[in-house]
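Step one of this worksheet: look at the structure below.
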Amino acid sequence: MTEFSGSVKLSSNNSGITAEPVTGILGSVTLSSKNASITATPLTMFLGKVNVSNGITSGMTVCGVVKEMLALWDIFDVQSAPDFAVERAVNDLNASLQMVWNHADDRNYWSSDTMTITLAHTESTFDLPSDIQNVVGPCRLASNNRPLVPLGTVGELETFRDLYLDGETSTEPLAYHINRMSQTGNDPAKIVFCVVPEVSGAATDFYLEVVRNAPRFAMTDMNACPVIPIPHSYVESLLLPIARYHASSFSLFNAKDLKDSIDRDYLQARVALGLSDPLPGKAGDNIDRRDEKRS
């Protein structure tokens with residue numbers, strides 16, 4: 001690192017961090033914080049602003065959401081924040097992200113993916129990775145994009161050869177089945193991709209449309225500050241309102257004057273996700289009004 005003299009004034013906001021020279025800076029300077037490693041390079045000696053990069057390209061970061069939640073608990077310095085508060089904020093972020101991820105059906109282009117599965121000679125099954133939440137289909141042969149016939153049950157898979165091939169052979173699989181199984185261990189659910197007939201000859205690639213699980217962040221992510229993998233506009237309209245609502249239930253929350261607006265934004269986010277109104281019914285909502293008219 002080049003030696004330097006002078007001082008730098010730092011300021012931060014949701015879009016990033018800027019550094020402005022207060023006195024002359026000679027060379028470059030590496031700054032460090034609890035959240036990230038930051039590099040500052042002077043644009044003009046003694047004058048102007050300094051470009052600051054922390055490796056973030058676009059979108060809201062984990063650190064940005066956690067900072068917003070900590071601020072609701074009157075904690076404005078992340079470096080001095082108690083671990084239990086940061087851990088609670090990260091857990092609330094995970095819960096909020098999972099809610100948005102699982103219910104934004106018409107916006108799930110960020111959770112959908114096309115994965116490639118390769119089966120070798122004589123193979124007919126493949127265990128999908130544990131981060132696959134669901135298979136939405138279809139399945140296609142990668143060589144010619146020909147779709148395979150979806151089979152709904154294991155029984156259909158086992159009888160397909162006898163019913164439809166009638167002793168004839170096929171040079172490539174014709175149908176597939178997604179077998180969802182329970183198992184012991186860290187992941188109680190297991191998804192197995194099955195084809196019929198089995199691969200014969202050279203290895204064969206398949207395209208399968210899947211939905212991946214929501215990412216889960218940990219306190220260690222406060223060092224790298226990864227970008228939350230959903231579009232920034234949905235962070236503002238869906239994720240943050242839900243995260244603030246979770247944060248408002250924590251014992252450190254004292255901003256009572258903000259509670260009504262937090263609840264209102266939370267309800268709007270739920271409506272946008274297509275969830276039912278969570279407000280409790282008012283007294284008398286279950287009364288048959290026809291009885292009142294008859295009386």
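The values are calculated or read from the model by the stated rules, or taken from the named source; none is laboratory data. Predicted model only: the values in this text are computed from it and were never measured. Note that we place each Cβ from the backbone using ideal geometry, even for glycine, and neighbour counts take in every protein chain shown. Areas reflect the complete protein model, heavy atoms only, side chains present, ligands, DNA and RNA absent. Shrake-Rupley method; radii C 1.70, N 1.55, O 1.52, S 1.80 Å.
Being in a strand (DSSP E or B) and surrounded by fewer than 17 Cβ atoms within 10 Å (Cβ to Cβ) is the filter; apply it to the range 40-55 and report the residue that is modelled with the highest pLDDT.
THR41
Consider the range 109-124. How many of its residues are at pLDDT below 80, polar (S, T, N, Q) and surrounded by 15 or more Cβ atoms within 10 Å (Cβ to Cβ)?
Within the range 109-124, the subset at pLDDT below 80 is 109-112.
After this cut, where a residue has to be polar (S, T, N, Q) as well, the list is 111-112.
Still in the running and surrounded by 15 or more Cβ atoms within 10 Å (Cβ to Cβ): 111.
Residues that pass the stated criteria total 1.
Got a number for residues in the range 56-81 being modelled with pLDDT of 90 or more and either in contact with a strand residue (DSSP E or B) (Cβ under 6 Å, 6 or more places away or on another chain) or under 19 Å from LEU258 (Cβ atoms) (or both)?
Of the residues in the range 56-81, 14 are modelled with pLDDT of 90 or more and either in contact with a strand residue (DSSP E or B) (Cβ under 6 Å, 6 or more places away or on another chain) or under 19 Å from LEU258 (Cβ atoms) (or both).
Specify the residue that is surrounded by the most Cβ atoms within 10 Å (Cβ to Cβ); the eligible residues are those in the range 214-272 that are part of a helix (DSSP H, G or I) and among the small types (Gly, Ala, Ser).
ALA243
Sort out which residues of the range 189-213 are assigned to a loop (DSSP other than H, G, I, E, B) and of a type in the set (Val, Ile, Thr), and write them in order of number.
Residue satisfying the conditions is VAL199 alone.
Those residues that are at pLDDT 90 or above and out of contact with any helix residue (DSSP H, G or I) (no Cβ under 7 Å at 6 or more places or on another chain), I need them from the range 174-197; list them, please.
LEU174, TYR176, ILE178, VAL192, PHE193, VAL195
Pull out all pairs, ordered by first then second residue, where Cβ-Cβ is under 8 Å, the residues are six or more apart or on different chains, the first lies in the range 140-154 and is within 16 Å of ILE191 (Cβ to Cβ), and the second is polar (S, T, N, Q) and surrounded by 11 or more Cβ atoms within 10 Å (Cβ to Cβ).
Between residues of the range 140-154 that are within 16 Å of ILE191 (Cβ to Cβ) and residues that are polar (S, T, N, Q) and surrounded by 11 or more Cβ atoms within 10 Å (Cβ to Cβ), the close pairs are VAL154/ASN179.
Picking from ASP166, ASP106, which residue would you name as being modelled with pLDDT under 85, closer than 30 Å to LEU238 by Cα and open to solvent by 40 Å² or more (accessible area, probe 1.4 Å)?
When all the criteria are applied, what remains is ASP106.
Cβ contacts < 8 Å: first residue surrounded by fewer than 19 Cβ atoms within 10 Å (Cβ to Cβ), restricted to the range 193-212; second residue acidic (Asp, Glu), any location; separation 6+ or different chain. Result?
From the range 193-212, the pairs are GLU198/GLU123; SER200/GLU172; GLU209/ASP113; VAL211/ASP113; ARG212/ASP113; ARG212/ASP131.
For ASN145, work out the one condition from (1) at positive phi; (2) open to solvent by 40 Å² or more (accessible area, probe 1.4 Å); (3) at pLDDT below 90 it doesn't fulfil.
Checking ASN145 against (1) at positive phi; (2) open to solvent by 40 Å² or more (accessible area, probe 1.4 Å); (3) at pLDDT below 90, the one that fails is (3).
So the check is Cβ under 6 Å with 6+ separation or different chains; which pairs have a first residue in the range 110-121 that's free of Cβ contacts under 8 Å to residues at least 24 places away in the same chain and a second one that's of a type in the set (A, V, I, L, M, F, W, C) and open to solvent by 60 Å² or more (accessible area, probe 1.4 Å)?
none
Closer than 30 Å to ASP162 by Cβ, under 24 Å from the mean Cα position of the chain (by Cα), modelled with pLDDT of 90 or more and not aliphatic (A, V, I, L, M): does that describe TYR207?
yes
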